[in-house]
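Asker: Can you keep this structure in mind? I'll have questions shortly.
The values are calculated or read from the model by the stated rules, or taken from the named source; none is laboratory data. Since the model is a prediction, treat every value here as computed from it, not as a measurement. Counting neighbours? That spans all protein chains shown, and the Cβs are built from the backbone with ideal geometry, glycine included. These accessible areas exclude ligands, DNA and RNA; they are computed on the full protein's heavy atoms, side chains included. Shrake-Rupley method; radii C 1.70, N 1.55, O 1.52, S 1.80 Å.
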Amino acid sequence: MSQSTEPVIQIRNLSKIYRDFWGRKKVEAVKSLSLDVKPGEIFGLLGPNGSGKTTTMKMLLGLLFPSSGDIKVLGKPAHDVEKNERIGYLPEESYLYRFLNAEETLDFYGRLFKMSPQQRRQRRDELIEMVGIKHARKRQLKEYSKGMTRRIGLAQALINDPELVLLDEPTSGLDPLGTRDMKDLISRVREQGKTVVMCSHLLADVQDVCDRIAILYNGELKVLGDVSELLKEQEETELLTSKLSPEALKDVQAVLDKHKVKLHKAGQPSSSLEELFLRTVQTSKERPGRRIVQEDLKSGTGVS
Amino acid sequence: MSFDAPNFDFLMSLGIFALVMLGFFVLVIGLSMLGSFMTYGTGGFGVVMQNFQRALIDFFSISPKRIGAIADLTIKESIRKKTLLVFVIFAILFMFAGWFIGGTTDRPDLQVRVLVSFVLKTISWLVLIVIPLLACWGLPTDIKIRSLHTVITKPVRRNEVYLGRLLGYSAVGTGVLAIMGLVGYIWIVRQTPTAAQKELISRVPVYGLMNFTDRFGREGTGINVGYEWDFRSYIEGGTKSKTIYLFDGLSSDSLKSNYSARKAKYDKALQANAESAPPEPGVLNLEYNFEAFRAYKGTLDKRLSARLILVNPDDEKVRVPLPVFEVKEFSRFNEEKLIAVPEEITYRDEESQQLKTANLFTDIMPKGNLKVEVECLDPGQYLGMARPDLFIRMPDKYFATSYFKSIFGIWLQLTLMIMLAVTASCFVKGPVATLLTFSLVLVGMTPLSTMMFQMLQGQIEGGGPAEAIYRMWAHMNPSVEIQAGAFSYFLKIIDGIALGFLAVAFFIVPGFVNFRMVEYTANGFDVPWMSSLLPAIAITLGYVIPCLVIGYCSLTLREMEAK
Ligand SMILES: Nc1ncnc2c1ncn2[C@@H]1O[C@H](COP(=O)(O)OP(=O)(O)OP(=O)(O)O)[C@@H](O)[C@H]1O
Ligand SMILES: [Mg+2]
């Protein structure tokens, strides 16, 4: 996934300090963050609550102004309006007009793009179908449940068939089916060669779909890299098979013994990203102000 | 109510507008320079230029389609949030109003006045409160529930958000006003009793300039008969005291066509019903509205008599006295106060006492100028008048003309208020925006301007506020000079600053006083262009650019998140 094309998102030394009305400092939500998102990848932004994920995303969209640092999105500065033509954004909570119904909502957002009425209608129907709220297309959003609002929010983010999709906790509030649909959808978007940046707390999902991740802690970048790389244990090998019977397991053990290989663990696979995440947070608490390297995680007092 | 509004001085207003705009832009640019120098140091200039460039791009690439989408959204929002309940209030008011304001049938003119002003005032109160309130709360709510966030992650420029909102609320207001205006019109026409229907007109007056001569015939001022409010000045009966009205720019053609139109109407009415026909029209129709002041009772049931003399101002030897008439000050119908002058006038010459005839157009007003002298003939009695109390009545227009011009006046005020409201709501929250908008309206409505003007020009004795306070405290008469020295200098500086603020306020608070057109319509006059509609339009237009700039800047410079 390391094509040598220009990054879709380029963040350099980005900081954000929230100030109150009098200009006094309240929180330093993002601290000198630098990262690139490459075209065509699915990038996961992780971190505990309040670590600055949403703040970062809002700065990418020009909703918040950086206190310092530089942002380039699709080669344009964050405040540039034209770039939004090619971006889709699903906010943390769906901030939509509650007096509109699903069709009107999509039509309204469609009108903000360079789309002809037919295109708009077609896209609207497609998306309503896709996010599965066809039965409620004529109902006002104020009657929607949380998950339904989430779905229409997603539809809204995709109305312009964007090249870059920013999803802030896309699966929050969705039922398991919806979650799976969302993952499918993200994969489909990737297949179309689009770039996705997402925040999520569901690490298993992130692990499934993301190519690269960054873990923020307290506004600082702690971990950045390919998921497969990050989770690869150099000294171990993983075999994943269909369920083994105890006899088969014994046979495998015998083979391993023959090669003098030690079996570390046998059982259902666990989501190792979760481990990585927990360890990162733990290490960050113990040693504040340091970027974490692989060795730290391994030798550190990992939580497992 | 005085209809004596001066004509609108377009050039002067344009000059003031240009000055204020210059000041405004200097202020905007100065402040942004200062701000960015403080934040970015020496790089500030570049930042300002960059932002300026951005603003220019934003202004030149606005898209009607996106503005339309946001306006549409605003309309939907207003409708779905039950704004239109205002119609229910309107309907209820009108259903029951008939009970309370019927019944004055013995004064049809008054009845029409009450009906018309009731309708127009109800409409303006309802519309001018509900819609601006809506506009004050729209954007702040949009920001608060963060629905605007999602919008501006689309390729929408902030000025499009501003314009969309503005247009949306204007459209809602226009719709509401149009429906109410129409319903109100039908209601007035149906509620007016048949006897008073002919009072539903819009008269078109041409006013002249007014001068007085005193009892010896010398140039002077009129007499104040002791009323506190000296709107009218009085002339003394049986003396050489006169009021002189000077009209100019009269065209004989328009007077003649006026006459033929009236005559045709009159003939028709005569044929239909000889009794209720209006008085026969003249080529020149003068309408008066004099007020008698009796110094002694005299014969109570006898009215004061007066006389008009037509004079050619370019050849004062041509003096044509018209027949003596009784001043019908309490007449029920306007048309009873009409003095019809035919084209050929037979009169008795004042000097030679011979009967002569004069042609109105060739002898009296060949150059379109006309002088009318008013005399009171009862010795010892007084006749009072103001400039608008004698006018030449041009062809009447339909009542609807004046009525809908008034509605248009309300619409202009509505538009301006929405503009102020949307602008205010770009940088403050709902309650503050409401307060700001309505205080501007209140200040703008107060006809303080004359006093403010005098104060600004230092014509008011006793100095500015600081000096006045000092004088009060020191029990000092306004005409006593304060000893020159450091202290008086200090007072002057304070007052200078205060007056400076006052001057700024005077020039930037919209002159809502100019939007009052209801009185014209209610009193059966047409709403004049030059002294009423045009200034209102100019004022409204004048606020477009500054409001847009302020709204755009506050939306752009504002972090949506920081609430
Ligand atoms: N509008 C705001 N004003 C002041 N502080 C804010 C504001 N928004 C966020 N913060 C602070 O900034 C920090 C980062 O918040 P942010 O919303 O970016 O976190 P997050 O990583 O998205 O968290 P979560 O997982 O809970 O969504 C937090 O400490 C938060 O309190
Ligand atoms: Mg968040």
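Asker: Need one value for B:61-67: mean number of C-beta atoms belonging to other chains within 10 Å of its residues' C-beta atoms.
Answerer: Per-residue shielding by partner chains comes out at 2.
Asker: Right, here's the next one. Shielding by partners for A:17-27, please: the mean number of other protein chain Cβ atoms within 10 Å of each residue's Cβ.
Answerer: Taking all residues of A:17-27 together, the mean is 1.
Asker: If you don't mind, there's one more thing I want to ask. For the protein assembly as shown, with the dipole built from +1 on Lys and Arg beta-carbon atoms and -1 on Asp and Glu ones, taken about the Cα centre, which of B:498, B:62, A:50 lies farthest toward the positive end?
Answerer: A:50
Asker: So if we plug the beta-carbon distance of residue B:56 and residue B:486 into 1/(1 + (r/R0)^6) with R0 = 41 Å, what FRET efficiency do we get, rounded to 0.05?
Answerer: With a Förster radius of 41 Å, E is 0.25.
Asker: Same structure, new question: Which shape class applies to region A:47-110: rounded if a/c is under 1.5, otherwise prolate when a/b exceeds b/c and oblate if not, where a ≥ b ≥ c are the square roots of the Cα gyration tensor eigenvalues?
Answerer: Because a/c hits 1.5 or more and a/b fails to exceed b/c, region A:47-110 counts as oblate.
Asker: Angle between the Cα long axis of helix B:10-40 and the longest principal axis of chain B, 0 to 90 degrees, nearest 10?
Answerer: With both axes taken from Cα atoms, the answer is about 10 degrees.
Asker: Rank A:287, B:218, B:294 by accessible area, highest first, at a 1.4 Å probe radius?
Answerer: Correct descending sequence by accessible area is B:218, A:287, B:294.
Asker: How are the C-alpha pair distances of the protein assembly as shown spread across 10 Å bins, as whole percents from the shortest bin up?
Answerer: The percentages, shortest bin first, are 2, 9, 15, 16, 14, 12, 10, 8, 6, 4, 2, 1, 1, 0, 0, 0.
Asker: What is the Cα centroid distance between region B:177-200 and region A:14-76, reported in whole angstrom?
Answerer: 63
Asker: Moving to a separate point now. Assuming R0 = 45 Å, can you tell me the calculated FRET efficiency for the pair residue B:315 and residue B:400, based on Cβ-Cβ distance, to the nearest 0.05?
Answerer: Once rounded, the FRET efficiency stands at 0.60.
Asker: Could you check the simple spin-label distance between residue A:192 and residue B:267, using points 7 Å along Cα→Cβ, in nm with one decimal?
Answerer: For residue A:192 paired with residue B:267, the spin-label model returns 7.9 nm.
Asker: Can you give the angle from 0 to 90° between the axis of helix B:44-60 and the longest principal axis of chain B, with both taken from C-alpha atoms, to the nearest 10?
Answerer: The answer is roughly 60 degrees.
Asker: Given a cut-off of 29 Å, name the pairs among A:83/A:138; B:268/B:328; A:183/B:76 whose C-alpha atoms lie farther apart than that in the structure shown.
Answerer: Among A:83/A:138; B:268/B:328; A:183/B:76, the Cα-Cα distance tops 29 Å for A:83/A:138; A:183/B:76.
Asker: Just read off the accessible area of residue B:248 with the full protein assembly in place, 1.4 Å probe, to the nearest 10 Å².
Answerer: Here the accessible area works out near 110 Å².
Asker: Quick one: which residues, 5 or more positions from residue A:78 or on another chain, have an amide H under 5 Å from its amide H? H modelled 1.01 Å from N in the peptide plane, none for Pro or chain starts.
Answerer: Long-range HN contacts for residue A:78: A:71, A:73.
Asker: Another question, then. Each residue of region B:248-256 in order: what ³J(HN,Hα) in whole Hz does its phi give by Karplus 6.51 cos²θ - 1.76 cosθ + 1.60, θ = phi - 60°, with x for Gly and Pro?
Answerer: Calculated HN-Hα couplings, in order: 9, x, 7, 10, 5, 4, 5, 5, 5 Hz.
Asker: Assuming R0 = 51 Å, can you tell me the calculated FRET efficiency for the pair residue B:529 and residue A:204, based on Cβ-Cβ distance, to the nearest 0.05?
Answerer: 0.10
Asker: Something else about it: Put simply, what bits of region B:130-172 lose 50 Å² or more of accessible area when the other protein chains are there, versus the chain on its own (1.4 Å probe)?
Answerer: Residues meeting the cut-off: B:146, B:150, B:153, B:154, B:155, B:157.
Asker: Next up: To test your reading of the geometry: what angle, between 0 and 90 degrees and rounded to tens, separates the Cα axis of helix A:146-157 from the longest principal axis of chain A?
Answerer: Helix A:146-157 sits roughly 70 degrees off the main axis of chain A.
Asker: Let me ask something additional. Given a 1.4 angstrom probe, what's the average accessible area per residue across region A:9-229, in square angstrom?
Answerer: Accessible surface, normalised per residue, equals 40 Å².
Asker: How big a patch of accessible area, both sides summed and in Å² to the nearest 100, lies buried between B and A at a 1.4 Å probe?
Answerer: So the total buried area for this chain pair works out to about 3000 Å².
Asker: With all protein chains present, calculate the accessible area of residue B:537 using a 1.4 Å probe and round the result to the nearest 10 Å².
Answerer: 40
Asker: Give the cross-link partners of residue A:262 among the aspartates and glutamates, using a straight C-alpha distance below 17 Å as the criterion and excluding same-chain residues fewer than 8 apart.
Answerer: A:233, A:235, A:236, A:238, A:251
Asker: Can you return the lysines within cross-link range of residue B:405? Criterion is Cα-Cα under 26 Å, with same-chain partners fewer than 8 residues away left out.
Answerer: B:121, B:198, B:265, B:337, B:397
Asker: Counting only protein chains, not ligands or nucleic acids, how are A:201, B:475, A:259, B:149 ordered by accessible area (probe 1.4 Å), most first?
Answerer: Sorted by accessible area, descending: B:475, A:259, A:201, B:149.
Asker: Then there's this: Given points 7 Å out from each Cα along the Cα-Cβ axis, report the residue B:253 to residue B:322 separation in nanometres with one decimal.
Answerer: With each label placed 7 Å out from Cα toward Cβ, I get 2.5 nm.
Asker: While we're here: Quick one: order B:29, B:244, A:152 from most to least accessible surface, probe 1.4 Å.
Answerer: B:29, B:244, A:152
Asker: Translational diffusion coefficient, Stokes-Einstein: compute it for region B:116-235 using the Kirkwood radius over C-alpha pairs as Rh, at 10 °C and 1.306 mPa s, and state it as an integer in µm² s⁻¹.
Answerer: Answer from the Stokes-Einstein relation: 79 µm²/s.
Asker: Can you tell me which aspartates and glutamates have their Cα less than 20 Å from the Cα of residue A:16? Leave out same-chain residues fewer than eight positions away.
Answerer: A:28, A:36, A:70, A:80, A:92, A:168, A:220, B:559, B:561
Asker: Here's another thing I want to ask about it. So, with +1 on the Cβ of K and R and -1 on the Cβ of D and E, and no other charges, what is the size of the charge dipole of the protein assembly as shown about its Cα centre, to the nearest 20 debye?
Answerer: The calculated dipole for the protein assembly as shown is roughly 2080 debye.
Asker: I want to check the label-to-label distance for residue A:121 and residue A:282. Put each point 7 Å from Cα in the C-beta direction and report it in nm to one decimal.
Answerer: 5.9
Asker: Now a separate question. Taking only C-alpha pairs under 8 Å that are 6+ residues apart, what is the relative contact order of chain B in percent?
Answerer: So the answer I get is 21 percent.
Asker: Obtain the radius of gyration and the Kirkwood radius of chain A from its C-alpha atoms and give Rg over Rh.
Answerer: Radius of gyration relative to Kirkwood radius: 1.03.
Asker: Next question. Spelling out what I want: for every residue of region A:102-119, take phi, set θ = phi - 60°, compute 6.51 cos²θ - 1.76 cosθ + 1.60 (Karplus), and round to whole Hz; glycine and proline get x.
Answerer: Result, ordered by residue: 4, 5, 5, 4, 5, 5, 4, 5, x, 5, 7, 10, 7, 10, 7, x, 5, 3 Hz.
Asker: Of all accessible surface on chain B at a 1.4 Å probe, what whole percent is carbon and sulfur?
Answerer: Roughly 65 percent of what the probe reaches on chain B is carbon or sulfur.
Asker: Using a 1.4 Å probe and ignoring any ligands, DNA or RNA, find the accessible area of residue B:201 and quote it in Å² to the nearest 10.
Answerer: For residue B:201, solvent-accessible area is about 30 Å².
Asker: Quick query: amide H of residue A:46 versus all other amide H atoms, modeled in the peptide plane; which residues come in under 5 Å with a sequence gap of 5 or more or a different chain?
Answerer: A:214, A:215, A:216
Asker: Let me ask something else. Using Cα-Cα distances under 8 Å and only pairs 6 or more residues apart, what relative contact order does region A:9-229 have, in percent?
Answerer: This gives 29 percent for region A:9-229.
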